[in-house]
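Student: My questions all concern the structure below.
The values are calculated or read from the model by the stated rules, or taken from the named source; none is laboratory data. All values derive from a computational prediction rather than experimental measurement. Methodologically, a virtual Cβ is constructed for each residue, glycine included, from the backbone with ideal geometry; neighbour enumeration extends over all protein chains shown.
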């Protein structure tokens, strides 16, 4: 793991990594056994932000991060959620054409994958899910839609995701779900948090 550490203000360290897989492995390791004083771990596509509180200091946290040896594989304590999907998305046929699969094969691969929330962003509750491999890797749409409905399930690059609310978006839409992935009244409000495992099931 080629980690570059940067001090962020008085109480945080930003870990810069080369690959998303390294981000996921480091996040899992830190979340499973947080160093003393660490109060927040925030992964992104190529970085992990580690927040701490005194009496911990930068040097202590940096040493703890560099000592981590991610084991890889699934974290046994990770939450797992099931999201039922109606696979009637506007871009399902396009995804099939782009991947060389049939529409039914796209659905089979999507539901047959154990996805992992690598990080969150774009909008509250939007999780970037990985695990589909190259079979479902497709580019974003050439033009974004002005409105993507709440609950739309899409693909873009190596990621899958569920739109937590109506918003613009350029992902390839393959289906829709009634499952609320963002509920401000829930605790926690985000269903899809870093490290959570996700299984999609087909609903007619």
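Yes/no matrix, rows are residues, columns are (1) more than 21 Å from residue 96 (Cα to Cα); (2) not in a loop (DSSP other than H, G, I, E, B):
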site	(1), (2)
125	yes, no
132	no, no
135	no, yes
140	no, no
150	yes, no
155	no, yes
160	no, yes
164	yes, no
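Student: Of all the residues that make up the stretch 40-54, how many are touching a strand residue (DSSP E or B) at 6+ places or on another chain (Cβ under 9 Å) and loosely packed, with under 15 Cβ neighbours inside 10 Å?
Tutor: 4
Student: Among the residues of the stretch 102-118, which ones are in contact (Cβ under 8 Å) with a residue 24 or more places away in the chain and in contact with a helix residue (DSSP H, G or I) (Cβ under 7 Å, 6 or more places away or on another chain)?
Tutor: Passing the criteria: 106, 109, 110, 116, 118.
Student: Here is a follow-up. What single numbered condition from (1) surrounded by fewer than 16 Cβ atoms within 10 Å (Cβ to Cβ); (2) in a loop (DSSP other than H, G, I, E, B) fails to hold for residue 97?
Tutor: Only one criterion in (1) surrounded by fewer than 16 Cβ atoms within 10 Å (Cβ to Cβ); (2) in a loop (DSSP other than H, G, I, E, B) is unmet by residue 97, namely (2).
Okay, residues lined up against (1) more than 18 Å from residue 45 (Cβ to Cβ); (2) more than 17 Å from the chain's Cα centre (by Cα):
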{"residue": "133", "(1), (2)": "no, no"}
{"residue": "143", "(1), (2)": "yes, yes"}
{"residue": "148", "(1), (2)": "yes, yes"}
{"residue": "153", "(1), (2)": "yes, no"}
{"residue": "176", "(1), (2)": "yes, yes"}
{"residue": "181", "(1), (2)": "yes, no"}
{"residue": "199", "(1), (2)": "yes, no"}
{"residue": "203", "(1), (2)": "yes, yes"}
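Student: To continue, here is another question. Identify the residue in the stretch 26-48 that is free of Cβ contacts under 8 Å to residues at least 60 places away in the same chain and part of a loop (DSSP other than H, G, I, E, B) and, among all such residues, is nearest to residue 4 (Cα to Cα).
Tutor: That would be 46.
Student: Then there's this: Those residues that are modelled with pLDDT of 95 or more and surrounded by fewer than 16 Cβ atoms within 10 Å (Cβ to Cβ), I need them from the stretch 112-123; list them, please.
Tutor: Those that are modelled with pLDDT of 95 or more and surrounded by fewer than 16 Cβ atoms within 10 Å (Cβ to Cβ): 112, 114.
Student: Can you work out which of the residues in the stretch 6-25 that are touching a residue at least 40 places away in the same chain (Cβ under 8 Å), under 20 Å from residue 57 (Cα atoms) and surrounded by 15 or more Cβ atoms within 10 Å (Cβ to Cβ) is nearest to the chain's Cα centre (by Cα)?
Tutor: Ranking the qualifying residues of the stretch 6-25, first place goes to 15.
Student: For the stretch 49-62, what are the residues that are part of a loop (DSSP other than H, G, I, E, B) and closer than 23 Å to residue 20 by Cα?
Tutor: none
Student: What's the number of the only condition in (1) modelled with pLDDT under 95; (2) touching a helix residue (DSSP H, G or I) at 6+ places or on another chain (Cβ under 7 Å) that residue 188 fails to meet?
Tutor: (2)
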